[in-house]
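Working notes, beginning with the structure itself.
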Amino acid sequence: TYWFVHPLLAEVLEQGLLPEERANLHAAFAAALEPAANADEMSVEQIVDLADHHYRAGHRQEAYRWALLGADATGQAGGATEMLRLLRRALDLWPQVPHPELSKIDLLRRIQAAAEQAGEQEEELAAVDSLLAILDRDQQPLLATELLLHRNRLQSHIGRAATVDDVWAVTRWVA
């Protein structure tokens, strides 16, 4: 592998390129990193690099797939913050990917768990709020109640007060 004496040199060189030149370079790096066999034979760093290069090259479906693989690999290696970054990227790409591997609810649940593991309570609260926004509370009352109670605990830990609507919603589903 090659690297620059200082990371700012890489940034200066990259910023000196036109957007389509940058995308073409990232596409070339992604093609060079793409495994001949499977991802199991790659290091965590290679998987994350491949996810990043596909994303910067504009390869939405590949970027989504490799972001999920990278999140799994970094999670197994104990990199909760990197796992969270890659899962957030997968969520951003989710609407642009035909037939995504995960449902939006499943992806948000993974983000919630990764944020909890990383100790990012604001991120975890945002994931819970996103889940509550798309969840059909009448179809999944137990999950809705669990999320509402968890949101109240998170708000308490962060120092935010629960709203009257939050308390009413919890008592409605608990009763």
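Coordinate-derived values only; no laboratory data. Bear in mind the structure is a predicted one, so any value in this text is a computation, not a measurement. In this analysis, Cβ positions are derived from the backbone assuming ideal geometry, glycine residues included, and neighbour counts consider all displayed protein chains.
Using a basic spin-label model with each label point 7 Å from the Cα along Cα→Cβ, how many nm lie between Gln15 and Ile158?
3.2
Can you give the helix-only mean residue ellipticity at 222 nm for the chain, where every DSSP H stretch with n ≥ 4 adds -39500 (n - 2.57) and the sum goes over all residues, rounded to the nearest 500 deg cm²/dmol? Write down the numbers at each step before the final one.
Numbers: 9 runs with 127 residues, N = 175.
Mean residue ellipticity at 222 nm (helix-derived): -23500 deg cm²/dmol.
Can you give me the distance in nm between label points at Leu142 and Arg22, each placed 7 Å from the Cα along the Cα-to-Cβ direction?
4.7
Does the range 1-58 come out rounded, prolate or oblate by the C-alpha gyration tensor, with a ≥ b ≥ c the root eigenvalues, rounded set by a/c under 1.5 and, if not, prolate when a/b is larger than b/c and oblate if not? All intermediate terms of the calculation are to be shown ahead of the outcome.
Numbers: a/c = 2.80, a/b = 1.55, b/c = 1.81.
Note, shape of the range 1-58 comes out oblate.
Ordered by residue, what ³J(HN,Hα) values in Hz, to whole numbers, does the range 80-96 give under the Karplus form 6.51 cos²θ - 1.76 cosθ + 1.60, where θ = phi - 60° and Gly and Pro are x?
5, 5, 5, 4, 5, 4, 5, 5, 4, 4, 4, 5, 5, 7, 3, x, 8
Using the Cα gyration tensor of the chain, with a ≥ b ≥ c the square roots of its eigenvalues, what is the shape: rounded (a/c below 1.5), prolate (a/b larger than b/c) or oblate (neither)?
On the way: a/c = 2.52, a/b = 2.16, b/c = 1.17.
It comes out prolate by the Cα gyration axes.
Count charges around Gly79 for me, please; just the other residues with Cβ under 12 Å from its Cβ, Lys/Arg as +1, Asp/Glu as -1. Please report the intermediate quantities before stating the final value.
Working: positive: Arg85; negative: Glu45, Asp72, Glu82.
Combined, the nearby Lys, Arg, Asp and Glu give -2.
Set Lys and Arg Cβ to +1 and Asp and Glu Cβ to -1, take the dipole of the range 1-139 about its Cα centre, and tell me which of Ala10, His26, Asn38 lies farthest positive.
Going by the charge dipole, the pick is His26.
Going through the range 33-73, which GluC sites (Glu not before Pro) have at most 15 other Cβ atoms within 10 Å and a DSSP loop state? Don't skip to the end; give the middle numbers.
Values: sites: Glu41, Glu45, Glu62; in loops: none.
Passing both the DSSP loop test and the Cβ count: no residue.
Compute the FRET efficiency between Glu34 and His99 as 1/(1 + (r/R0)^6), taking r as their Cβ-Cβ distance and R0 = 22 Å, and round to the nearest 0.05. Can you show the working numbers first?
Details: r = 21 Å, r/R0 = 0.95.
Step by step, r from the Cβ atoms, then E = 0.60.
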